[in-house]
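Here is the structure we will look at.
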Amino acid sequence: MGKYRKDIDYDFIEENANDMIEDLGEIVFPLNCFNVARKLGISLKEYSDYREEDKAFLLSISNDGFCVKKINQFVIAYNDENPEVRIKFTIWHEIGHIQLGHLDSFADNVLSVSTSNKLEKEADYFARYVLAPLPLICLLGCDSVEKIATSCKISHQCAGYVFDNYNKAMVYPSLKSKIMNNRIRELLKFYFSPEDGRWEVFSKRRVSHKDINRFLSSEEVHRYLFPQTLLSPR
């Protein structure tokens, strides 16, 4: 989407996320951070799983969450008392730290909100990109903060950042063209329409029988995102 800050390589972050999506075979939008973490071998720990004295220590590190590397195992601890949209952003943010290799820069292998400002901005961008990728926002015609928040199941604060970038993309034809050529449009094929209350296929996407079978058997459909929803193709 364009490098709005000189010190951050947005193209690298987007391609890193695209590689992750492709490697894991993800085809359903919104992406499920819990399943993605599991597939990446990342252990997720809720703050409430710890003793009260330990929980107080975790909150002193971060009210949202943090990630740590223990030998060859990545662990993300997160505050499960936060709103769902905040929890999902936190987990994606920490996955971003891991995927972008940020923990390699720290001797203690721990990252939290006290980490360098640049790394935090990179992880924030990673989270916003996987939660609400502009190429898919454009496909869905989400031209307001409310539509972005509803379609992507994110907070209005996060949707506001995405909407600002959306407006910039609409002003500059070269930026819009770059966004519309982003390969994430080919990777994620199915989405849930809150307005119609059904699963649909992104416009002009070619969907194979293999894609349909993967969709129907996916945990995202049956266990987490919309467990009460049936597929209604059109």
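The values are calculated or read from the model by the stated rules, or taken from the named source; none is laboratory data. Note that the coordinates shown come from a computational prediction; the quantities given were computed from them, not determined experimentally. So basically every Cβ, Gly included, is an ideal-geometry build from the backbone, and we count neighbours across all protein chains shown.
Restricting region 94-114 to residues that are at pLDDT below 85 and small (Gly, Ala, Ser) leaves a set whose member that is surrounded by the most Cβ atoms within 10 Å (Cβ to Cβ) is Ser112.
Only one of the listed residues (Ile212, Ile148) is modelled with pLDDT of 85 or more and either more than 22 Å from Phe12 (Cα to Cα) or in contact with a Ser or Thr (Cβ under 7 Å, 6 or more places away or on another chain) (or both). That residue is Ile148. The requirement of being surrounded by 19 or more Cβ atoms within 10 Å (Cβ to Cβ), free of Cβ contacts under 8 Å to residues at least 24 places away in the same chain, in contact with an Asp or Glu (Cβ under 7 Å, 6 or more places away or on another chain) and of a type in the set (Val, Ile, Thr) is satisfied by Ile87. Look at region 129-142: where a residue is closer than 15 Å to Asn181 by Cβ and at pLDDT 90 or above, no partner that is among the charged types (D, E, K, R) and surrounded by 22 or more Cβ atoms within 10 Å (Cβ to Cβ) sits 6+ places away or on another chain with Cβ atoms under 6 Å. Could you tell me whether region 71-93 includes any residue that is modelled with pLDDT under 90, not polar (S, T, N, Q) and not in a helix (DSSP H, G or I)? Yes, region 71-93 has at least one match.
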